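The values are calculated or read from the model by the stated rules, or taken from the named source; none is laboratory data. Here the structure is a predicted model, which is why all the values come from computation and not from measurement. Backbone-built Cβ (ideal geometry, glycine too); neighbour counts: all protein chains shown.
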Amino acid sequence: MEVILKQDIPNLGFKDDIVTVKDGYAINYLIPKGYAVMAIGAEKKMLAETLKQRAYKEENIKKEAEKIAEKIKGAHLKIGAKAGTSGKIFGSVNPLQISEALKEQFDVDIDRKKILLDGDSIKQLGEYKAKINLHKDVRVDVKFEVFAE
């Protein structure tokens with residue numbers, strides 16, 4: 001079944017994408033939760049008109065995302081955390097701390113929801129990599145080091 005996504009869904013697609021999913025997934029989850037609508041004739045026409053109107057704005061947003069990507073490309077963040085002698089952190093480092101470190105060190109404001117880590121959070125000292133989705137077509141990897149304060 002083809003559906004039109006109403007919001008970004010990880011590992012499926014972005015807002016206003018037309019994707020093909022299994023009938024049960026669409027009928028029992030995506031449509032009742034308001035994440036998607038069925039892609040029928042009228043909905044496709046409305047989507048085409050919306051996309052045409054949004055094309056100019058989207059290009060400007062993409063250019064801005066590329067500027068931010070160039071600014072933080074190759075960046076090496078340093079995030080301090082309280083840790084024990086074994087290197088285990090008291091608490092964890094999550095996308096919120098990475099977002100704050102980017103704001104502090106590079107003056108770039110990135111929503112924490114756009115930052116993806118391997119796993120949910122970091123609980124050991126060391127070097128890690130985060131993937132940042134600035135735009136549908138613009139992604140950048142940022143290395144960061146978690147050190148003991």
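Are any of the residues in the stretch 106-121 farther than 20 Å from Gly13 by Cα, surrounded by 14 or more Cβ atoms within 10 Å (Cβ to Cβ) and not aromatic (Phe, Trp, Tyr)? Checking the stretch 106-121: at least one residue is farther than 20 Å from Gly13 by Cα, surrounded by 14 or more Cβ atoms within 10 Å (Cβ to Cβ) and not aromatic (Phe, Trp, Tyr). Residues that are in the same structural domain as Val142 (by TED's automatic domain parsing), closer than 29 Å to Gly119 by Cβ and in a loop (DSSP other than H, G, I, E, B): does the stretch 29-42 have at least one? Within the stretch 29-42, not a single residue is in the same structural domain as Val142 (by TED's automatic domain parsing), closer than 29 Å to Gly119 by Cβ and in a loop (DSSP other than H, G, I, E, B). Within the stretch 29-76, the set of residues being without any contact (Cβ under 8 Å) to a residue 60 or more places away in the chain, of a type in the set (Val, Ile, Thr), within 24 Å of Asp137 (Cα to Cα) and surrounded by 15 or more Cβ atoms within 10 Å (Cβ to Cβ) comprises just one member, Val37. One residue stands out in the stretch 1-28 among those that are among the β-branched types (Val, Ile, Thr) and surrounded by 12 or more Cβ atoms within 10 Å (Cβ to Cβ): the one that is farthest from Ile115 (Cα to Cα), namely Ile27. Picking from residues in the stretch 90-101 that are within 15 Å of the chain's Cα centre (by Cα) and either under 16 Å from Gly74 (Cα atoms) or small (Gly, Ala, Ser) (or both), the one that is surrounded by the fewest Cβ atoms within 10 Å (Cβ to Cβ) is Ser99. How many residues are among the aromatic types (Phe, Trp, Tyr) and without any contact (Cβ under 8 Å) to a residue 40 or more places away in the chain when one looks only at the stretch 1-18? Residues flagged as among the aromatic types (Phe, Trp, Tyr) and without any contact (Cβ under 8 Å) to a residue 40 or more places away in the chain within the stretch 1-18 amount to 0.
Tally up the residues in the stretch 98-134 that are of a type in the set (D, E, K, R) and in a strand (DSSP E or B), please. Before the answer, list the steps.
If we filter the stretch 98-134 for residues that are of a type in the set (D, E, K, R), which is where we start, we get 100, 103-104, 107, 109, 111-114, 118, 120, 123, 127, 129, 131.
Then drop every residue that is not in a strand (DSSP E or B), which leaves 123, 127, 129, 131.
Number of matching residues: 4.
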